[in-house]
Each structure stands twice: as C-alpha cells, then as structure tokens.
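What follows is one structure encoded as structure tokens, with my remarks underneath.
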Amino acid sequence: MPRVIVMMGGPSSEHEVSLASGRMVAAALPRDRYDVAVIVIGRDGRWVLKAPEELAALEPHPVEGAMVPAHPSETLAGMQELGRADCVFLAFHGKFGEDGTLQGMLETLGIPYTGSGPLASALAMHKDKAKDILRLNGLLVPEGRGVTVEEVRADLPGTVSGLLAAVGIPAVVKPNQGGSSLGVSLVETRDQLQAALREAARQDAYLLVEEKVEGTELTCPVLENEEGVPEALPVIEIVPHRGAFFDFASKYESGGADEIVPARIADEVKDACQKAALTAHRAFGCAGFSRTDMIWTERGPVVLEINTIPGMTPNSLLPRSARAAGIEFSALVDRLVRLALRRAERERKL
C-alpha cells in the first residue's frame, strides 16, 4: 500500500490556512488505498511527523511570518521522514511551500508529489512575472507598477506621487508574492495608498500597485483527468460581503461571501473564462490542478492570478467546483495522488 505523507504548515503568513487544507486532505485520502501520515512544518521551521488524528480543527487566521528558524540539523532530521514516502501531498499556501522551494527539494530526492513543479510554482507565485507570461499568451491582466520596499522607505511621498501618476486611483496594493489576500488593500485616496504600501511591505520586499478592475469576480479551476489532460471545471462567481473585494475575512469567515457554482453567467462568458483558465494552466506548465482568478469586464476576462495549490478543504473553491462536476472531495484528493504517481512513473521511463 503506497505511503502518502501530507505536508502542511510552513513559515508563511498562510500557515493556518495550510493546516486547514492539510488536515482535510489527510482525513479524505482513502485508507483502503493509502497509508497516510502528515508532516507539519512549524513556523519556526521544525518538521514534525504526526498521525492524521493528531491534527486539531481550526478556523484559519492570518499570522505573522516565520520566527527564529530551526537549526539546519533539526530541519534535516525532519526531512529524513520523507524517505518513507511513496508520494507527498503538498498542502501548502504562500511562500516556501507553494513557490517551488519544496518542489525542487522533492525533485532532488526523487519523491513524487502532487501539483506543479518548481518552475510553474515559482513563476505563478511571482505575480509580476506571472503577468508577463499571461500577456504573452494573449490574456488580459490589470495595468500596474511594481515598487520595492526600499523605494517605499527611502521616499514614501515621492513613491506615492509616481504611483498616482502611473496607475491612478482607485487602485489595489498587494504583496508580489503571497496569497489569501493578506496584505492586499483597495485604496481610493493618497493617504490610503501610503498606509497600504506600509501594510503590504510587512508581507513582501516587492509590491504591486494595480488598477482596480471593475466587473464580476470569477474563478475557474482546472483539473487534469485520469489521462493527465487538463480540463476546466465549472466557473465560480464570488460575491464578497465582508469587504469591497474577496479579502481574507470574505474567504474564511462564515458568511464572508457567496460563492456561487455554477456562476450566474452567460454561456459565452463561461466559455471565455474556462478558455482563459486552460490557457493559463498550460502557459505556466502546471500539473494536476490549478485555479485562475479573474474579473469579467466588457473587454472579456481580466486575469488577476493563477494558483498552483488552491485551497483544499471540502468548502474551498476548487473542491466545490469539482463537486459540481460530480467529483467528491475524497475522489479529488485520490486523483491528485494517482496523477502524481503516474507522472513520476512516466518520467522514470524517459
């Protein structure tokens, strides 16, 4: 029986979100098919092997980044547990686990893992570079400009003036690398822009300021079929209630948003969104699954970002879309493991 280790946690600000995903994945993996264990990477960098039953339920909350890193010897000791894995299910979100770091390590160790490889993961996490790739593949993206934390700290008034001239307001300020809308702000005044830059600077060393795109907020997951061919799942319409956009509270607090699947959109809109999601998935070289967030406008879908490890609780967006397509959560996580094992087997034969 293959041993699957579900990995979660890590030092990113999405630590608790990752734990929520990992716990549900571990519980859903069929025990008649897999021997399941979990590795939790703490915010201090320590790796701990646990039984799935040891994971406590929690409501995700944003947390600060890593504290004091573990000594390399402790990390290496924890990594030895991977030697017993036939496949690793990556349930990370944000830096360290979703950005290609662990994927590269697992490639080096020759251990199969779920989801995209190092290159696709790193490119998708880097929002500024991701926009370049999306543009090159004919997709619309928000206009914007990137700034470094050094620019913000050296001359905040001058940086703000330059952004107002280049992008204007209203605008969206976000960390270049990150997820769950942490550090993201919608700004409508100069003072708000200054405050938002300071807030985003706590999350990343490089920031994006983009035009606010008006329209219907949609997301479209992509899931590979049993033969490894990517297929678009039903489009989801998102109607936030907690804030002006789909922020952390809207995503994770009860009643934070209506997530309507299938979306209340015309067939031609659905087709365009699914085409955009498939184009993005292929452009980055994603594997297994992905989810592309976009806003429908008069010009068509404007792509905000692509996620290589979408949220993986039964009520997360991709699993809800899969359920609407007739794929229950247990079958979904089972498929992702089987796809990972088959991909590794094909690569061994090359």
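Tell me whether region 264-273 contains one or more residues that are out of contact with any helix residue (DSSP H, G or I) (no Cβ under 7 Å at 6 or more places or on another chain), crowded, with 19+ Cβ neighbours inside 10 Å, closer than 16 Å to T114 by Cα and of a type outside the set (D, E, K, R).
Among the residues of region 264-273, not one is out of contact with any helix residue (DSSP H, G or I) (no Cβ under 7 Å at 6 or more places or on another chain), crowded, with 19+ Cβ neighbours inside 10 Å, closer than 16 Å to T114 by Cα and of a type outside the set (D, E, K, R), which makes the answer no.
Please verify whether D247 is surrounded by 20 or more Cβ atoms within 10 Å (Cβ to Cβ) and modelled with pLDDT under 95, treating the condition exactly as stated.
Details: surrounded by 20 or more Cβ atoms within 10 Å (Cβ to Cβ): yes; modelled with pLDDT under 95: yes.
Yes; evaluated as a whole, the condition is true for this residue.
Please go through (1) at pLDDT below 90; (2) outside any loop (DSSP other than H, G, I, E, B); (3) not aliphatic (A, V, I, L, M) for D128 and return the number of the only condition it doesn't satisfy.
(1)
Would you confirm whether any residue within region 301-311 is more than 17 Å from the chain's Cα centre (by Cα) and not in a helix (DSSP H, G or I)? Write out each step before concluding.
From region 301-311, those more than 17 Å from the chain's Cα centre (by Cα) are 301-302; that's our starting set.
Next, from what is left, pick out any that are not in a helix (DSSP H, G or I): 301-302.
Scanning region 301-311, I find at least one residue that is more than 17 Å from the chain's Cα centre (by Cα) and not in a helix (DSSP H, G or I), so the answer is yes.
Given the conditions (1) surrounded by 15 or more Cβ atoms within 10 Å (Cβ to Cβ); (2) more than 18 Å from the chain's Cα centre (by Cα), which single one is not true for T108?
With (1) surrounded by 15 or more Cβ atoms within 10 Å (Cβ to Cβ); (2) more than 18 Å from the chain's Cα centre (by Cα) applied to T108, the lone miss is (1).
Look at region 201-239 and say how many of its residues are among the hydrophobic types (A, V, I, L, M, F, W, C), more than 18 Å from S116 (Cα to Cα) and over 18 Å from the mean Cα position of the chain (by Cα).
Taking region 201-239 first, the residues among the hydrophobic types (A, V, I, L, M, F, W, C) are 201, 205, 207-209, 213, 218, 220, 222-223, 229, 232-233, 235-236, 238-239.
Cutting the leftovers down to more than 18 Å from S116 (Cα to Cα) gives us 201, 205, 207-209, 213, 218, 235-236, 238-239.
From what is left, the residues that are over 18 Å from the mean Cα position of the chain (by Cα) are 201, 205, 209, 213, 239.
Result for region 201-239: 5.
Among L76, L49, which is the only one that is modelled with pLDDT of 75 or more and assigned to a helix (DSSP H, G or I)? Walk me through how you get there before you give the answer.
Values: L49 fails: assigned to a helix (DSSP H, G or I).
One residue alone meets the criteria, L76.
How many of the residues in region 84-98 are closer than 17 Å to K129 by Cβ and crowded, with 24+ Cβ neighbours inside 10 Å? Full working, then the answer.
Taking region 84-98 first, the residues closer than 17 Å to K129 by Cβ are 94-95, 98.
Pick out the ones that are also crowded, with 24+ Cβ neighbours inside 10 Å and you get 94, 98.
Number satisfying all stated conditions: 2.
In region 137-184, how many are modelled with pLDDT of 95 or more, in a loop (DSSP other than H, G, I, E, B) and surrounded by 17 or more Cβ atoms within 10 Å (Cβ to Cβ)?
Number satisfying all stated conditions: 3.
The values are calculated or read from the model by the stated rules, or taken from the named source; none is laboratory data. Every value quoted in this text rests on a predicted model; they were computed, and no experiment measured them. Neighbour counts are summed over all protein chains in view; Cβ atoms, including those assigned to glycine, are modelled from backbone coordinates with ideal geometry.
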